[in-house]
1. What tally of residues in the stretch 2-46 results from selecting those that are out of contact with any His (no Cβ under 8 Å at 6 or more places or on another chain), in a loop (DSSP other than H, G, I, E, B) and either small (Gly, Ala, Ser) or at pLDDT below 90 (or both)?
2. I'm trying to understand the selection: among the residues of the stretch 92-120, which are more than 13 Å from the chain's Cα centre (by Cα), surrounded by 16 or more Cβ atoms within 10 Å (Cβ to Cβ) and in a helix (DSSP H, G or I)?
3. Considering only residues of the stretch 47-75 that are in contact with an Asp or Glu (Cβ under 6 Å, 6 or more places away or on another chain) and not in a helix (DSSP H, G or I), which is nearest to residue 95 (Cα to Cα)?
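The values are calculated or read from the model by the stated rules, or taken from the named source; none is laboratory data. This is a predicted model, so every value here is computed, not measured. Neighbour counts are summed over all protein chains in view; Cβ atoms, including those assigned to glycine, are modelled from backbone coordinates with ideal geometry.
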Amino acid sequence: MHVGRRMPGGTETSVLYKFKSKAGADVIMLQPHGDQALQVLGREPSAQGIFQSADLPGLIQRGEAAIEEEQAAHERAKAEAQAEGRKAPPAPEVALRQRLWPLLELMRAASASQTDVVWGV
C-alpha cells in the first residue's frame, strides 16, 4: 500500500509503503525510506508493485550487497579522513542495514514459502 492523505489547509502527510506477503507480517515504511529500498533493489519507486517469488533470492542478494557497499564506503571515508588528519565522518543515523532488515526478512520468509511480496494492492 502506498498511502498519502491531504490534510485541511492543503498539506499532505507522509506517504507510506506497506509491503505484504502471506509469509509474514506487513512491513511499513515512510515514502523516502520505501523509495530508497525499492531503488536499492533495482526497482523504480511506484505506488504498486510485486516482488515475485522466483525473483526474491536475487533481490535479497542485491539488498545485502548494497548494505555491504554502504558499510565499505563509510569505512573508506573514515580511513581517508584519518590519513588526512581530519575528523572521521559520522555514521548515518539509520544505516541501510537497519532500514532494509525488516523487508529483507519478509522477502526471505516469502522466498522460503514460495510466495510473492506486494505493495499498494
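1. Just the residues of the stretch 2-46 that are out of contact with any His (no Cβ under 8 Å at 6 or more places or on another chain), to begin with: 2-14, 19-30, 32-33, 35-45.
Subsequent filtering for residues that are in a loop (DSSP other than H, G, I, E, B) retains 4-5, 7-11, 13-14, 22-23, 41-45.
Applying the additional criterion that residues be either small (Gly, Ala, Ser) or at pLDDT below 90 (or both) yields 4-5, 7-11, 13-14, 23, 42.
Total meeting the criteria: 11.
2. 109, 110, 111
3. Going through the stretch 47-75, the residues in contact with an Asp or Glu (Cβ under 6 Å, 6 or more places away or on another chain) turn out to be 50, 52-53.
In the following step, the residues that additionally are not in a helix (DSSP H, G or I) were identified as 50, 52.
Numbers: 50: 25, 52: 26 Å.
Of everything passing the filter in the stretch 47-75, 50 is nearest to residue 95 (Cα to Cα).
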